[in-house]
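Colleague: Dumping the structure here so I can ask a few things about it.
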Amino acid sequence: MAPVAEALASLGYAPRLVLTGQQALEPCHFGMAEFDQLRLRCPGLPDPHHHVRDVTGKLLPLLKDPPDLLVVQGDTSSALGGALAGFTASVPVAHVEAGLRTYDPASPWPEEEYRTAIDAQADLLLAPTELAAANLEHERVPGKVHVTGNSGIDALLRVAAELPPASRDSGVLTVLVTCHRRESWGDGLDAIAAALTELADTGSAHFDFILHPNAHVAGRMRELLADHPAITLLPPCSHLELVRRMRDADFILSDSGGIQEEAPALGTPLLVLREKTERPEAVMSGNGLLVGTDRERIVAETQRLLADPGARAEMSRPAFPFGDGNAGPRIAAIIDDWLAHGRLERALAARNASW
(Lines give C-alpha, C1' and ligand atoms only; values in the text may rest on other atoms or scores of the structure.)
Protein backbone atom coordinates (compact mmCIF):
# COMPACT_ATOMS: atom_id res chain seq x y z
CA MET A 1 0.00 0.00 0.00
CA ALA A 2 2.98 2.34 0.30
CA PRO A 3 2.94 3.21 -3.44
CA VAL A 4 -0.79 4.04 -3.20
CA ALA A 5 -0.38 6.20 -0.10
CA GLU A 6 2.57 8.05 -1.60
CA ALA A 7 0.75 8.68 -4.87
CA LEU A 8 -2.31 10.02 -3.01
CA ALA A 9 -0.07 12.30 -0.96
CA SER A 10 1.49 13.65 -4.16
CA LEU A 11 -2.02 14.66 -5.27
CA GLY A 12 -2.59 16.63 -2.07
CA TYR A 13 -4.43 14.05 0.02
CA ALA A 14 -3.51 13.16 3.61
CA PRO A 15 -3.63 9.36 3.90
CA ARG A 16 -4.06 7.90 7.36
CA LEU A 17 -2.73 4.38 7.93
CA VAL A 18 -4.77 1.88 9.91
CA LEU A 19 -2.51 -0.79 11.43
CA THR A 20 -4.70 -3.61 12.66
CA GLY A 21 -1.93 -5.46 14.48
CA GLN A 22 -2.56 -8.75 12.65
CA GLN A 23 1.18 -8.83 11.90
CA ALA A 24 3.99 -6.94 13.61
CA LEU A 25 4.48 -4.27 10.95
CA GLU A 26 6.06 -0.86 11.38
CA PRO A 27 5.45 1.87 8.76
CA CYS A 28 9.09 2.98 8.97
CA HIS A 29 10.13 -0.37 7.46
CA PHE A 30 8.03 0.35 4.38
CA GLY A 31 8.84 4.03 3.79
CA MET A 32 5.56 5.18 5.38
CA ALA A 33 6.75 6.72 8.65
CA GLU A 34 5.55 10.20 7.71
CA PHE A 35 1.88 9.23 7.46
CA ASP A 36 -0.65 9.63 10.26
CA GLN A 37 -1.39 6.30 11.92
CA LEU A 38 -4.16 4.54 13.81
CA ARG A 39 -3.28 1.37 15.71
CA LEU A 40 -6.17 -0.98 16.44
CA ARG A 41 -4.09 -3.52 18.39
CA CYS A 42 -5.93 -6.54 17.06
CA PRO A 43 -3.31 -9.32 16.93
CA GLY A 44 -3.86 -12.24 14.61
CA LEU A 45 -6.04 -14.98 16.08
CA PRO A 46 -6.36 -18.73 15.42
CA ASP A 47 -9.95 -18.10 14.28
CA PRO A 48 -9.77 -15.61 11.38
CA HIS A 49 -13.52 -14.88 11.61
CA HIS A 50 -12.96 -13.73 15.20
CA HIS A 51 -10.19 -11.44 13.99
CA VAL A 52 -12.53 -9.97 11.36
CA ARG A 53 -15.04 -9.10 14.08
CA ASP A 54 -12.29 -7.69 16.29
CA VAL A 55 -11.01 -5.36 13.55
CA THR A 56 -14.52 -4.24 12.60
CA GLY A 57 -15.43 -3.51 16.21
CA LYS A 58 -12.25 -1.51 16.88
CA LEU A 59 -12.39 0.49 13.64
CA LEU A 60 -16.10 1.31 13.55
CA PRO A 61 -16.08 3.95 16.35
CA LEU A 62 -13.16 5.69 14.62
CA LEU A 63 -15.31 6.23 11.52
CA LYS A 64 -17.77 8.55 13.31
CA ASP A 65 -15.66 11.30 11.76
CA PRO A 66 -15.79 9.63 8.35
CA PRO A 67 -12.96 9.76 5.82
CA ASP A 68 -13.74 10.41 2.18
CA LEU A 69 -12.71 6.86 1.33
CA LEU A 70 -11.54 3.72 3.10
CA VAL A 71 -9.00 1.70 1.07
CA VAL A 72 -8.38 -1.97 1.86
CA GLN A 73 -5.95 -4.31 0.15
CA GLY A 74 -6.00 -8.03 -0.45
CA ASP A 75 -8.02 -10.78 1.19
CA THR A 76 -6.89 -10.97 4.81
CA SER A 77 -9.09 -10.83 7.89
CA SER A 78 -7.76 -7.29 8.34
CA ALA A 79 -9.02 -6.34 4.87
CA LEU A 80 -12.50 -7.79 5.43
CA GLY A 81 -12.72 -6.35 8.95
CA GLY A 82 -11.86 -2.90 7.64
CA ALA A 83 -14.25 -3.17 4.71
CA LEU A 84 -17.14 -4.30 6.95
CA ALA A 85 -16.54 -1.30 9.21
CA GLY A 86 -16.73 0.95 6.16
CA PHE A 87 -19.90 -0.69 4.86
CA THR A 88 -21.55 -0.42 8.29
CA ALA A 89 -20.60 3.25 8.69
CA SER A 90 -21.64 4.11 5.10
CA VAL A 91 -18.06 5.08 4.25
CA PRO A 92 -17.12 4.41 0.60
CA VAL A 93 -14.69 1.49 0.23
CA ALA A 94 -12.03 0.89 -2.42
CA HIS A 95 -10.53 -2.58 -2.81
CA VAL A 96 -6.98 -2.85 -4.09
CA GLU A 97 -6.28 -6.33 -5.55
CA ALA A 98 -9.94 -6.99 -6.34
CA GLY A 99 -11.26 -9.84 -8.46
CA LEU A 100 -8.84 -12.67 -7.65
CA ARG A 101 -10.73 -15.97 -7.72
CA THR A 102 -10.35 -19.74 -7.55
CA TYR A 103 -14.13 -20.18 -7.21
CA ASP A 104 -13.47 -22.71 -4.47
CA PRO A 105 -14.31 -21.36 -0.99
CA ALA A 106 -12.07 -23.99 0.61
CA SER A 107 -8.98 -23.08 -1.45
CA PRO A 108 -7.69 -20.76 -0.24
CA TRP A 109 -9.63 -20.61 3.02
CA PRO A 110 -10.78 -18.15 4.26
CA GLU A 111 -9.32 -15.74 1.69
CA GLU A 112 -11.62 -16.73 -1.17
CA GLU A 113 -14.76 -15.89 0.77
CA TYR A 114 -13.19 -12.77 2.27
CA ARG A 115 -12.23 -11.14 -1.04
CA THR A 116 -15.59 -12.11 -2.57
CA ALA A 117 -17.41 -10.47 0.34
CA ILE A 118 -15.38 -7.27 -0.05
CA ASP A 119 -15.93 -7.11 -3.80
CA ALA A 120 -19.69 -7.61 -3.44
CA GLN A 121 -20.09 -4.21 -1.75
CA ALA A 122 -17.01 -2.10 -2.53
CA ASP A 123 -17.52 1.16 -4.42
CA LEU A 124 -14.20 1.00 -6.29
CA LEU A 125 -12.73 -2.32 -7.43
CA LEU A 126 -9.09 -1.99 -8.45
CA ALA A 127 -8.24 -5.20 -10.27
CA PRO A 128 -4.61 -6.14 -10.93
CA THR A 129 -5.28 -7.92 -14.25
CA GLU A 130 -7.79 -8.16 -17.07
CA LEU A 131 -8.73 -11.65 -15.87
CA ALA A 132 -9.48 -10.36 -12.38
CA ALA A 133 -11.62 -7.59 -13.87
CA ALA A 134 -13.46 -10.15 -16.01
CA ASN A 135 -14.26 -12.14 -12.86
CA LEU A 136 -15.84 -9.04 -11.35
CA GLU A 137 -17.82 -8.21 -14.47
CA HIS A 138 -19.07 -11.80 -14.57
CA GLU A 139 -20.26 -11.47 -10.97
CA ARG A 140 -22.01 -8.18 -11.82
CA VAL A 141 -20.64 -6.40 -8.78
CA PRO A 142 -22.21 -2.97 -8.25
CA GLY A 143 -18.92 -1.09 -7.82
CA LYS A 144 -16.85 0.52 -10.54
CA VAL A 145 -14.16 -1.82 -11.91
CA HIS A 146 -10.73 -0.61 -13.08
CA VAL A 147 -7.66 -2.56 -14.22
CA THR A 148 -4.67 -1.01 -12.49
CA GLY A 149 -1.97 -3.62 -11.96
CA ASN A 150 -0.98 -4.47 -8.40
CA SER A 151 0.83 -1.88 -6.32
CA GLY A 152 2.83 -4.72 -4.78
CA ILE A 153 4.83 -4.84 -8.03
CA ASP A 154 5.59 -1.12 -7.64
CA ALA A 155 7.01 -1.86 -4.19
CA LEU A 156 8.92 -4.89 -5.43
CA LEU A 157 10.64 -3.03 -8.24
CA ARG A 158 11.59 -0.19 -5.92
CA VAL A 159 13.12 -2.57 -3.40
CA ALA A 160 14.88 -4.62 -6.08
CA ALA A 161 16.50 -1.48 -7.48
CA GLU A 162 18.06 -0.82 -4.06
CA LEU A 163 19.69 -4.26 -3.75
CA PRO A 164 23.40 -4.82 -4.31
CA PRO A 165 24.33 -6.98 -7.30
CA ALA A 166 23.61 -10.68 -6.90
CA SER A 167 26.50 -12.86 -5.79
CA ARG A 168 25.54 -16.37 -6.83
CA ASP A 169 27.60 -19.28 -5.58
CA SER A 170 28.64 -21.46 -8.52
CA GLY A 171 28.41 -24.58 -6.37
CA VAL A 172 25.25 -26.13 -4.92
CA LEU A 173 21.95 -24.74 -6.17
CA THR A 174 19.83 -22.74 -3.71
CA VAL A 175 16.07 -23.27 -3.39
CA LEU A 176 14.01 -20.79 -1.36
CA VAL A 177 10.95 -22.20 0.44
CA THR A 178 7.97 -20.61 2.17
CA CYS A 179 4.63 -22.14 3.14
CA HIS A 180 1.82 -21.16 5.48
CA ARG A 181 -1.61 -21.69 3.87
CA ARG A 182 -4.29 -22.77 6.34
CA GLU A 183 -5.74 -25.33 3.95
CA SER A 184 -2.34 -27.07 4.08
CA TRP A 185 -2.19 -27.29 7.88
CA GLY A 186 -1.84 -30.89 8.95
CA ASP A 187 -1.29 -33.37 6.14
CA GLY A 188 -0.25 -30.70 3.61
CA LEU A 189 2.53 -29.23 5.72
CA ASP A 190 3.71 -32.72 6.68
CA ALA A 191 3.87 -33.74 3.00
CA ILE A 192 5.82 -30.60 2.08
CA ALA A 193 8.30 -31.28 4.88
CA ALA A 194 8.66 -34.93 3.81
CA ALA A 195 9.35 -33.84 0.22
CA LEU A 196 11.99 -31.34 1.36
CA THR A 197 13.69 -33.96 3.52
CA GLU A 198 13.79 -36.43 0.63
CA LEU A 199 15.19 -33.77 -1.70
CA ALA A 200 17.74 -32.53 0.82
CA ASP A 201 18.97 -36.09 1.38
CA THR A 202 20.14 -36.20 -2.26
CA GLY A 203 22.59 -33.33 -1.67
CA SER A 204 21.67 -31.75 -5.02
CA ALA A 205 20.58 -28.41 -3.52
CA HIS A 206 20.50 -26.38 -0.34
CA PHE A 207 17.06 -25.34 0.89
CA ASP A 208 16.57 -22.00 2.65
CA PHE A 209 13.23 -22.22 4.46
CA ILE A 210 11.80 -18.91 5.72
CA LEU A 211 9.56 -19.65 8.68
CA HIS A 212 6.19 -17.92 8.83
CA PRO A 213 5.31 -15.60 11.76
CA ASN A 214 2.42 -17.92 12.60
CA ALA A 215 3.63 -19.93 15.60
CA HIS A 216 1.68 -23.07 14.63
CA VAL A 217 3.25 -23.27 11.18
CA ALA A 218 6.75 -22.34 12.33
CA GLY A 219 6.65 -24.78 15.22
CA ARG A 220 5.54 -27.71 13.07
CA MET A 221 8.23 -27.06 10.45
CA ARG A 222 10.90 -26.82 13.14
CA GLU A 223 9.78 -30.22 14.43
CA LEU A 224 10.00 -31.79 10.98
CA LEU A 225 13.02 -30.07 9.42
CA ALA A 226 15.41 -29.05 12.17
CA ASP A 227 18.99 -30.34 12.15
CA HIS A 228 19.14 -31.33 8.47
CA PRO A 229 22.48 -30.06 7.11
CA ALA A 230 21.00 -29.17 3.71
CA ILE A 231 18.04 -27.19 5.14
CA THR A 232 18.45 -23.81 6.83
CA LEU A 233 15.46 -22.60 8.85
CA LEU A 234 15.36 -18.80 8.76
CA PRO A 235 13.28 -16.44 10.92
CA PRO A 236 10.67 -14.17 9.31
CA CYS A 237 12.50 -11.42 7.46
CA SER A 238 11.95 -7.93 6.10
CA HIS A 239 10.54 -7.29 2.64
CA LEU A 240 13.98 -6.14 1.52
CA GLU A 241 15.61 -9.38 2.68
CA LEU A 242 12.86 -11.52 1.18
CA VAL A 243 13.20 -9.82 -2.20
CA ARG A 244 16.96 -10.35 -2.12
CA ARG A 245 16.57 -14.02 -1.33
CA MET A 246 13.93 -14.48 -4.05
CA ARG A 247 16.12 -12.76 -6.62
CA ASP A 248 19.22 -14.77 -5.73
CA ALA A 249 17.55 -18.20 -5.47
CA ASP A 250 17.82 -20.64 -8.35
CA PHE A 251 14.11 -21.23 -7.90
CA ILE A 252 11.35 -20.99 -5.28
CA LEU A 253 8.86 -23.35 -3.65
CA SER A 254 6.00 -21.37 -2.10
CA ASP A 255 2.26 -21.20 -1.50
CA SER A 256 2.33 -17.40 -1.06
CA GLY A 257 0.01 -15.27 -3.15
CA GLY A 258 2.41 -12.33 -3.13
CA ILE A 259 5.35 -14.45 -4.23
CA GLN A 260 3.28 -15.74 -7.15
CA GLU A 261 3.25 -12.13 -8.37
CA GLU A 262 6.79 -11.22 -7.42
CA ALA A 263 8.70 -14.25 -8.72
CA PRO A 264 7.73 -13.64 -12.40
CA ALA A 265 8.81 -10.00 -12.15
CA LEU A 266 12.17 -11.08 -10.71
CA GLY A 267 12.57 -13.85 -13.29
CA THR A 268 12.87 -16.57 -10.65
CA PRO A 269 11.16 -19.91 -11.40
CA LEU A 270 8.38 -20.82 -8.98
CA LEU A 271 6.77 -24.12 -8.00
CA VAL A 272 3.45 -23.28 -6.33
CA LEU A 273 2.65 -25.46 -3.32
CA ARG A 274 -1.10 -25.24 -3.88
CA GLU A 275 -3.74 -27.23 -5.71
CA LYS A 276 -5.46 -24.12 -7.08
CA THR A 277 -4.40 -20.53 -7.60
CA GLU A 278 -6.27 -17.25 -7.89
CA ARG A 279 -3.28 -15.97 -9.87
CA PRO A 280 -3.24 -18.21 -12.96
CA GLU A 281 -1.38 -15.49 -14.85
CA ALA A 282 1.84 -16.64 -13.14
CA VAL A 283 1.38 -20.08 -14.67
CA MET A 284 0.28 -18.73 -18.06
CA SER A 285 3.40 -16.55 -18.23
CA GLY A 286 5.55 -19.68 -17.94
CA ASN A 287 7.18 -18.55 -14.68
CA GLY A 288 5.15 -20.73 -12.34
CA LEU A 289 3.91 -24.30 -12.09
CA LEU A 290 1.28 -25.70 -9.73
CA VAL A 291 2.60 -28.73 -7.84
CA GLY A 292 0.21 -28.83 -4.88
CA THR A 293 1.15 -30.53 -1.63
CA ASP A 294 1.59 -34.07 -2.93
CA ARG A 295 5.02 -35.30 -1.80
CA GLU A 296 5.78 -37.29 -4.94
CA ARG A 297 4.89 -34.46 -7.31
CA ILE A 298 6.88 -31.88 -5.33
CA VAL A 299 9.91 -34.18 -5.40
CA ALA A 300 9.55 -34.99 -9.10
CA GLU A 301 9.15 -31.39 -10.30
CA THR A 302 11.89 -30.09 -8.01
CA GLN A 303 14.29 -32.78 -9.21
CA ARG A 304 13.41 -31.96 -12.80
CA LEU A 305 14.32 -28.29 -12.33
CA LEU A 306 17.47 -29.16 -10.37
CA ALA A 307 18.68 -31.46 -13.13
CA ASP A 308 17.71 -29.35 -16.15
CA PRO A 309 19.27 -25.89 -16.52
CA GLY A 310 17.29 -25.42 -19.72
CA ALA A 311 13.99 -25.91 -17.90
CA ARG A 312 15.05 -23.35 -15.28
CA ALA A 313 16.06 -20.93 -18.01
CA GLU A 314 12.65 -21.27 -19.68
CA MET A 315 11.00 -20.19 -16.41
CA SER A 316 13.52 -17.42 -15.69
CA ARG A 317 12.43 -14.85 -18.24
CA PRO A 318 11.10 -11.82 -16.32
CA ALA A 319 7.39 -11.26 -16.91
CA PHE A 320 4.95 -8.69 -15.58
CA PRO A 321 1.42 -10.13 -15.71
CA PHE A 322 0.50 -8.35 -12.49
CA GLY A 323 1.56 -4.81 -13.31
CA ASP A 324 4.16 -2.55 -14.83
CA GLY A 325 5.25 -0.81 -11.63
CA ASN A 326 2.90 2.16 -12.01
CA ALA A 327 -0.17 0.84 -10.22
CA GLY A 328 0.17 3.27 -7.29
CA PRO A 329 -0.14 6.46 -9.38
CA ARG A 330 -2.82 4.80 -11.52
CA ILE A 331 -4.90 3.90 -8.44
CA ALA A 332 -4.43 7.37 -6.94
CA ALA A 333 -5.61 9.03 -10.16
CA ILE A 334 -8.72 6.83 -10.23
CA ILE A 335 -9.47 7.66 -6.60
CA ASP A 336 -8.93 11.38 -7.25
CA ASP A 337 -11.30 11.31 -10.20
CA TRP A 338 -13.90 9.32 -8.26
CA LEU A 339 -13.80 11.68 -5.30
CA ALA A 340 -13.96 14.74 -7.55
CA HIS A 341 -16.99 13.29 -9.34
CA GLY A 342 -18.65 12.63 -5.98
CA ARG A 343 -18.02 16.19 -4.83
CA LEU A 344 -19.53 17.51 -8.05
CA GLU A 345 -22.61 15.32 -7.64
CA ARG A 346 -23.10 16.52 -4.06
CA ALA A 347 -22.69 20.16 -5.10
CA LEU A 348 -25.31 19.77 -7.85
CA ALA A 349 -27.68 18.00 -5.46
CA ALA A 350 -27.31 20.80 -2.92
CA ARG A 351 -27.92 23.46 -5.57
CA ASN A 352 -31.02 21.65 -6.83
CA ALA A 353 -32.32 21.30 -3.27
CA SER A 354 -31.85 25.02 -2.71
CA TRP A 355 -34.06 25.75 -5.73
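The values are calculated or read from the model by the stated rules, or taken from the named source; none is laboratory data. Worth saying up front: this structure is predicted, and the values here are computed from it rather than measured. Please note: Cβ atoms are built from the backbone with ideal geometry, for glycine as well, and neighbour counts cover all protein chains shown.
Colleague: Which of the strands (runs of 3 or more DSSP E) found entirely inside the stretch 161-237 contain at least 1 residues meeting this: under 19 Å from the mean Cα position of the chain (by Cα)?
Modeller: In the stretch 161-237, 173-178, 205-210 are the strands (runs of 3 or more DSSP E) which contain 1 or more residues that are under 19 Å from the mean Cα position of the chain (by Cα).
Colleague: Now, a different point. Kindly indicate which of LEU84, LEU62, LEU80 is in the same structural domain as PRO15 (by TED's automatic domain parsing) and either surrounded by fewer than 17 Cβ atoms within 10 Å (Cβ to Cβ) or in contact with a strand residue (DSSP E or B) (Cβ under 7 Å, 6 or more places away or on another chain) (or both). Break it down into steps so the answer makes sense when it comes.
Modeller: Details: LEU84 fails: either surrounded by fewer than 17 Cβ atoms within 10 Å (Cβ to Cβ) or in contact with a strand residue (DSSP E or B) (Cβ under 7 Å, 6 or more places away or on another chain) (or both); LEU80 fails: either surrounded by fewer than 17 Cβ atoms within 10 Å (Cβ to Cβ) or in contact with a strand residue (DSSP E or B) (Cβ under 7 Å, 6 or more places away or on another chain) (or both).
Result of the check over LEU84, LEU62, LEU80: LEU62.
Colleague: Among the residues in the stretch 51-60, are any closer than 17 Å to ALA85 by Cα, of a type in the set (Asp, Glu) and either assigned to a helix (DSSP H, G or I) or in contact with a Gly (Cβ under 6 Å, 6 or more places away or on another chain) (or both)? Before you say what the answer is, go through the steps one by one.
Modeller: Step one: filter the stretch 51-60 for residues closer than 17 Å to ALA85 by Cα, giving 51-60.
Narrowing further to those that are of a type in the set (Asp, Glu): 54.
Next cut, either assigned to a helix (DSSP H, G or I) or in contact with a Gly (Cβ under 6 Å, 6 or more places away or on another chain) (or both) only: 54.
Checking the stretch 51-60: at least one residue is closer than 17 Å to ALA85 by Cα, of a type in the set (Asp, Glu) and either assigned to a helix (DSSP H, G or I) or in contact with a Gly (Cβ under 6 Å, 6 or more places away or on another chain) (or both).
Colleague: For the stretch 258-280, give me each residue that is small (Gly, Ala, Ser) and either part of a loop (DSSP other than H, G, I, E, B) or without any contact (Cβ under 8 Å) to a residue 40 or more places away in the chain (or both).
Modeller: So in the stretch 258-280, the residues small (Gly, Ala, Ser) come out as 258, 263, 265, 267.
ALA263, GLY267 - these are the residues of the stretch 258-280 that are small (Gly, Ala, Ser) and either part of a loop (DSSP other than H, G, I, E, B) or without any contact (Cβ under 8 Å) to a residue 40 or more places away in the chain (or both).
Colleague: Right, something else. Restricting to the stretch 212-254, name every residue that is of a type in the set (A, V, I, L, M), surrounded by fewer than 17 Cβ atoms within 10 Å (Cβ to Cβ) and in contact (Cβ under 8 Å) with a residue 60 or more places away in the chain.
Modeller: If the condition is that a residue be of a type in the set (A, V, I, L, M), surrounded by fewer than 17 Cβ atoms within 10 Å (Cβ to Cβ) and in contact (Cβ under 8 Å) with a residue 60 or more places away in the chain, then LEU240 is the only one that fits.
Colleague: While we're on this one: Could you say whether any residue in the stretch 281-290 is at pLDDT 95 or above, farther than 30 Å from PRO105 by Cβ and either assigned to a loop (DSSP other than H, G, I, E, B) or assigned by TED's automatic domain parsing to the domain that holds ARG182 (or both)?
Modeller: Checked against the condition, which is being at pLDDT 95 or above, farther than 30 Å from PRO105 by Cβ and either assigned to a loop (DSSP other than H, G, I, E, B) or assigned by TED's automatic domain parsing to the domain that holds ARG182 (or both), the stretch 281-290 yields no hits at all.
Colleague: Among VAL93, VAL72, VAL52, which is the only one that is aliphatic (A, V, I, L, M), more than 23 Å from GLY149 (Cα to Cα) and modelled with pLDDT of 95 or more?
Modeller: On the way: VAL93 fails: more than 23 Å from GLY149 (Cα to Cα); VAL72 fails: more than 23 Å from GLY149 (Cα to Cα).
Answer to the check: VAL52.
Colleague: Condition test on VAL72, is it in a strand (DSSP E or B) and either touching a Cys at 6+ places or on another chain (Cβ under 9 Å) or under 25 Å from ALA120 (Cα atoms) (or both)? I'd like the intermediate steps shown before the answer.
Modeller: On the way: in a strand (DSSP E or B): yes; either touching a Cys at 6+ places or on another chain (Cβ under 9 Å) or under 25 Å from ALA120 (Cα atoms) (or both): yes.
Criteria met by VAL72.
Colleague: Right, something else. Restrict the check to the stretch 147-169 and report whether at least one residue is of a type in the set (Val, Ile, Thr), under 19 Å from LYS276 (Cβ atoms), surrounded by 12 or more Cβ atoms within 10 Å (Cβ to Cβ) and modelled with pLDDT of 95 or more. Spell out how you get there, then give the answer.
Modeller: Looking only at the stretch 147-169, we keep the residues that are of a type in the set (Val, Ile, Thr), and these are 147-148, 153, 159.
In the following step, the residues that additionally are under 19 Å from LYS276 (Cβ atoms) were identified as none.
Scanning the stretch 147-169, I find no residue that is of a type in the set (Val, Ile, Thr), under 19 Å from LYS276 (Cβ atoms), surrounded by 12 or more Cβ atoms within 10 Å (Cβ to Cβ) and modelled with pLDDT of 95 or more, so the answer is no.
Colleague: While we're looking at this one, here's another question. Answer with yes or no whether ALA122 is crowded, with 19+ Cβ neighbours inside 10 Å, free of Cβ contacts under 8 Å to residues at least 60 places away in the same chain, among the small types (Gly, Ala, Ser) and in contact with a helix residue (DSSP H, G or I) (Cβ under 9 Å, 6 or more places away or on another chain).
Modeller: On the way: crowded, with 19+ Cβ neighbours inside 10 Å: yes; free of Cβ contacts under 8 Å to residues at least 60 places away in the same chain: yes; among the small types (Gly, Ala, Ser): yes; in contact with a helix residue (DSSP H, G or I) (Cβ under 9 Å, 6 or more places away or on another chain): yes.
Taking the combined requirement at face value, the residue satisfies it.
Colleague: Any residue at all in the stretch 179-186 that's at pLDDT 90 or above, closer than 20 Å to VAL291 by Cα and either out of contact with any strand residue (DSSP E or B) (no Cβ under 6 Å at 6 or more places or on another chain) or aliphatic (A, V, I, L, M) (or both)? Walk me through how you get there before you give the answer.
Modeller: Taking the stretch 179-186 and keeping what is at pLDDT 90 or above, we get 179.
Narrowing the set further to residues that are closer than 20 Å to VAL291 by Cα leaves 179.
From the residues that got through so far, the ones that are either out of contact with any strand residue (DSSP E or B) (no Cβ under 6 Å at 6 or more places or on another chain) or aliphatic (A, V, I, L, M) (or both) too are 179.
Checked the stretch 179-186: at least one residue is at pLDDT 90 or above, closer than 20 Å to VAL291 by Cα and either out of contact with any strand residue (DSSP E or B) (no Cβ under 6 Å at 6 or more places or on another chain) or aliphatic (A, V, I, L, M) (or both).
Colleague: Among the residues that make up the stretch 320-330, is at least one of them in contact with an Asp or Glu (Cβ under 8 Å, 6 or more places away or on another chain), part of a helix (DSSP H, G or I) and at pLDDT 95 or above? Spell out the reasoning first.
Modeller: Going residue by residue through the stretch 320-330, those that are in contact with an Asp or Glu (Cβ under 8 Å, 6 or more places away or on another chain) are 321-323, 325-328.
Checking the rest, the ones that are also part of a helix (DSSP H, G or I) come to 327-328.
If we keep only those that are at pLDDT 95 or above too, we end up with 327-328.
Yes, because at least one residue in the stretch 320-330 is in contact with an Asp or Glu (Cβ under 8 Å, 6 or more places away or on another chain), part of a helix (DSSP H, G or I) and at pLDDT 95 or above.
Colleague: Condition check: β-branched (Val, Ile, Thr), part of a loop (DSSP other than H, G, I, E, B) and in contact with a helix residue (DSSP H, G or I) (Cβ under 9 Å, 6 or more places away or on another chain). Does VAL91 satisfy that?
Modeller: yes
Colleague: Given the criterion buried (at least 20 other Cβ atoms within 10 Å of the Cβ) and in contact with a Leu (Cβ under 8 Å, 6 or more places away or on another chain), identify the matching residue among ASP68, ASP54.
Modeller: Numbers: ASP68 fails: buried (at least 20 other Cβ atoms within 10 Å of the Cβ).
From the options ASP68, ASP54, the qualifying one is ASP54.
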